Each structure stands twice: as C-alpha cells, then as structure tokens.
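Structure, as structure tokens:
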Amino acid sequence: MLYTVKEVSEITKVTVKALHHYHKIGLLLPCKVNEAGYRFYGTKELERLQQILFYRELDFPLKEIKQILNGEHDRLSILNSQKKLLQSRIKKMERLIDTIDQSIWYTAKGEHMDQKEMFKGFNTSEEWTDALQEQNEYLKEHYQYDLLEKNEIDVQEMNESALEAKCFIEKMADALKNGIKHNDGRINKLIDKHIHFLNDHGHQTKAADFAMQTRFFLNDDFHRNMLESQQTGLSYYLCLAAEDFASVQ
C-alpha cells in the first residue's frame, strides 16, 4: 500500500514541510513520484521514517542520522542500537527524577540542599580508594574480606550509589526522628525504591538479602556506629524496617 505525503503526515504527525525537507536532503526518499509530482511512500519508507524519528528524539542532527541509516546496517541492528540509546536516556531521566525527589524532600523540611557539594562526589578511583580505606582495613581484619580487591571502582557509578545511599539513610533517620513506625507504608516505599536502585545498578538484591545486610550492620560495631552517629537507634530501626518489609514480600 502506498501513502501520499499528506497521509504519511497524518499517520506520523510529521509535518508535510518536514517530509519535503527530508526528501530534499536525501534523508527520506519517496518510493514513487508520479507525473504530477505527487510523492508516494511504502512500508520501507515508513520504517525508515520511524528510525529517523527515534534518532530525532535522541537529539541527533539530520546529517548524522542520514550517515547512520545509509551505513551497512540492517533494520534489526539499527533498532537494537536505538534501544540502547533510549535505555541510556531513561537512566539519565531517572537520575534527574531522583534529584527532583531529593529537592522536594529538602524543601518540604524547609532546608536548602547544597547541590554543589552533594553532587560533586569523587573525581578519581584513587580518591574513592582513600575514602574506603578505613572500612576496607576493618573488613580485612575482622572478616578476611578485601573490599577494594573484590570490586573494581567505577567512579561515576560509585558517586551515584553513594548519593542514593546517603539520601536513603537520611530519609530513614528523619523518619525515626519524627516518630514514624518502622512498618509504616512510607518506610516500605523507601526500602522498595532503595532495593530497586541496587538491582538496577548491578547489585542483585532481594528483600530478604537486604534484611540480612541490615542485621549485619546492627551486629557489627563498625557499621552500627556509622549509623548510630547519624541518629541514635537508626541501626535498630533500619533492621526492624527491613525485616518487616521482607516478611510481606
């Protein structure tokens, strides 16, 4: 089945002017032009237009889109490539949403978030190694586990994870301070979001695994003191909340 420029415009919501421009620059050629000069498009042209629109959504310039689509790639390869680009965009959007959530939280508390310091993190793996040195020495001494040897440091990933963990713990501490029960629905949502973050960033974690981790924090002097230094009773509160959350999953 063939479609006129007007019909393609109605189907795809791309303006007739844009379709004419795509033709002019050789990005999207009609499969047929009749004697009266009317352009017609078939299935292959519509598929190519779909690919063009995907790349436009990712802010690719038309010249670059043309080079990509005219390369030695089949439709499946192009779609897989676009899927990866869109997944990357989704992750960026999720980070933006997290930032907005944190801003809303601080604003609701009547506090100002120092974004410059909060999002700076560390610039190199060496800085992260130094920051983790005390904890790593403790783990090696008490549990014969070398944190730095077992895990390769990805600076961006570590910064994102540290920021998320910081915000999670701060919100849990704030809930404890304000007398919110450990099994409150709001606490369950915080834990659920935190576990989803861990899984989305390559740390396969079930509710039961997280509960076991919080029990370890409670029973281990180093990690319990880290939590208690932020809010008295936080290590117990976190453990109870995690175990309650796991029991209903």
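Quick notes
- Within the stretch 204-228, the set of residues being open to solvent by less than 60 Å² (accessible area, probe 1.4 Å) and charged (D, E, K, R) comprises 220, 224, 228.
- Candidate set from the stretch 175-192 (those that are over 15 Å from residue 240 (Cβ atoms) and in contact (Cβ under 8 Å) with a residue 12 or more places away in the chain); member that is least open to solvent (accessible area, probe 1.4 Å): 192
This table checks each residue for (1) under 21 Å from residue 86 (Cα atoms); (2) open to solvent by 70 Å² or more (accessible area, probe 1.4 Å); (3) among the hydroxyl-bearing types (Ser, Thr, Tyr).
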residue	(1), (2), (3)
4	no, no, yes
35	no, yes, no
39	no, no, no
42	no, no, no
49	yes, no, no
58	yes, no, no
64	yes, yes, no
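- Helices (runs of 4 or more DSSP H) completely within the stretch 1-111 that count 3 or more residues being charged (D, E, K, R) and either over 30 Å from residue 198 (Cα atoms) or modelled with pLDDT under 85 (or both): 5-12, 43-57, 62-69, 75-108
- Criterion (of a type in the set (S, T, N, Q), at pLDDT 85 or above, in a helix (DSSP H, G or I) and under 24 Å from the mean Cα position of the chain (by Cα)) met by exactly one of 188, 159: 188
- Residue-level check: of (1) assigned to a helix (DSSP H, G or I); (2) open to solvent by less than 60 Å² (accessible area, probe 1.4 Å), residue 231 misses just (1).
The values are calculated or read from the model by the stated rules, or taken from the named source; none is laboratory data. As the structure is a prediction and not an experimental result, all values here were calculated from the model. Because the Cβ atoms are built from the backbone with ideal geometry, glycine has one as well, and the counts that use them run over all protein chains shown. The accessibility values were calculated without ligands, DNA or RNA, using every heavy atom of the protein model including side chains. Shrake-Rupley method; radii C 1.70, N 1.55, O 1.52, S 1.80 Å.
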